[in-house]
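Novice: After the structure tokens below, expect a handful of questions from me.
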Amino acid sequence: MFEGKHVLVAGGTSGINLGIAEGFARAGAAVSVFSRAEEKVAAAVERLRALGASAHGGVADVRRPEAVKAVLADAVAAHGLIDVLVSGAAGNFPAPALGMSPSAFNAVIGIDLNGTFHVLRFAYEHLRKPGAAVINVSAPQAFMPMTFQAHVCAAKAGVDMLTRTLAMEWGPAGVRVNSLVPGPIDGTEGMRRLLADPAQKEALAKTVPLQRLGAVEECADVALFLASDAARYVSGAVLPVDGGWSLGGAHVAMASVLATG
Ligand code: COA
């Protein structure tokens, strides 16, 4: 389905982003990935090649515009103009706002929000126009306030507004921009950091209307959809892949009260 296409995934060397890169590799795309850690890049490229894909890796911190420019130019030299750009580099740690130094807050804003801007801003000239699809990997924190996540909430709300404003600015050139919002996805770094205990996972699953955590492959499937011709009239969308979790709903808010009744 993506034979002859170049898919670039920023942050595509672990977790959901690597799963998305692998999904496109299985669908026949040439895939480029980059992140900060050289050994993760090498391992990701190996996994993508094992799937039969032509894979290219680069090392850059999305907080550094010059490094982003260089890594994008290398990827384009390897695989040509970019048909699908996925921007997913992210950082997170749980802490109350009063436990965050300005540098801690800036670390997450710098990676998630400014990093997304750098990737999109400097990839634009390399996008195949018309026809390119841009996917920003967001998070439910963009629209669900969450304690211990002030930095991520602020950053991802900004990411979704970048999605919407750039969908407007770049639509006339035939570039679609959408956000994919993974909910509670099993086996990810984020989940490992937040939920160590299996009982916590079970309790979380009960708050999801579909009654289970999601899988990385389920995020990849939606990324493939958003990049495909089937989504050719979809732009500026913020699409949760979360089994309905971010609906919240009174039953979740009332769960502890109802449990006592
Ligand atoms: N609580 C409070 N502050 C914290 C913290 C925590 N758990 N973890 C890091 N910080 C602070 C640091 O103390 C530092 O602030 P300081 O300069 O005032 O001491 C600031 O955050 C930056 O930390 P540093 O380790 O220098 O930044 P980094 O750029 O190397 O790392 C992070 C970025 C902080 C986001 C780190 O968690 C990271 O690399 N994460 C990547 C993986 C990840 O988060 N995956 C999950 C994605 S959902």
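The values are calculated or read from the model by the stated rules, or taken from the named source; none is laboratory data. As the structure is a computational prediction, the values presented were derived from the model and not from experiment. Positions of Cβ are backbone-derived with ideal geometry, glycine not excepted, and every protein chain shown enters the neighbour counts. SASA here: full protein model, heavy atoms, side chains in, ligands and nucleic acids out. Shrake-Rupley method; radii C 1.70, N 1.55, O 1.52, S 1.80 Å.
Novice: Could you check the spin-label model distance between residue 77 and residue 1? Points 7 Å from the Cα along Cα→Cβ, value in nm.
Specialist: Going by the 7 Å Cα→Cβ label model, 3.3 nm.
Novice: Still on this structure, I have one more. Going through segment 21-127, which trypsin sites (Lys or Arg not before Pro) have at most 13 other Cβ atoms within 10 Å and a DSSP loop state?
Specialist: Within segment 21-127, no trypsin sites (Lys or Arg not before Pro) qualify (loop, at most 13 other Cβ atoms within 10 Å).
Novice: Let me ask something else about it. Send over the per residue convex hull volume for segment 39-138, Cα only, as a whole number of Å³.
Specialist: Enclosed volume per residue, from the Cα hull, is 120 Å³.
Novice: Suppose all protein chains stay in the model; what accessible area per residue would a 1.4 Å probe give for segment 1-91, in Å²?
Specialist: Heavy-atom SASA per residue in segment 1-91 reads 40 Å².
Novice: Work out the charge dipole of the chain with +1 on the Cβ of Lys and Arg and -1 on the Cβ of Asp and Glu about the Cα centre, then indicate which of 73, 158, 135 is farthest towards its positive end.
Specialist: Highest projection toward the positive end goes to 158.
Novice: Using a simple charge model, +1 on the beta-carbon of Lys and Arg, -1 on the beta-carbon of Asp and Glu, nothing else, what dipole does the chain show about its Cα centre, in debye to the nearest 20?
Specialist: 260
Novice: Once Rh for segment 6-259 is found with the Kirkwood sum over Cα pairs, what is the Stokes-Einstein diffusion coefficient at 37 °C and 0.692 mPa s, in µm²/s?
Specialist: The Stokes-Einstein estimate is 178 µm²/s.
Novice: Report, as a whole number in µm² per second, the diffusion coefficient that Stokes-Einstein gives for segment 113-234 at 37 °C and 0.692 mPa s using the Kirkwood radius over alpha carbon pairs.
Specialist: Using the Kirkwood radius from Cα pairs, D works out to 207 µm²/s.
Novice: Find the centroid of the Cα atoms in segment 148-190 and in segment 201-261, then give the distance between the two in whole Å.
Specialist: 15
Novice: Just grab the label-to-label distance for residue 168 and residue 203, each label 7 Å out from Cα along the Cβ direction, in nm (one decimal).
Specialist: 4.2
Novice: Something else now. Quickly work out the residue 97-to-residue 70 label distance, labels modelled 7 Å from Cα along the C-beta direction, and quote it in nm with one decimal.
Specialist: 3.8
Novice: If you don't mind, another one. Would any residue of segment 132-168 have its amide N under 20 Å from a label point 7 Å out along Cα→Cβ of residue 252? List them or say none.
Specialist: 137-161
Novice: Carbon and sulfur atoms: what percent of the 1.4 Å accessible area of segment 6-259 do they account for?
Specialist: Answer for segment 6-259 is 60 percent, counting heavy atoms of protein chains only.
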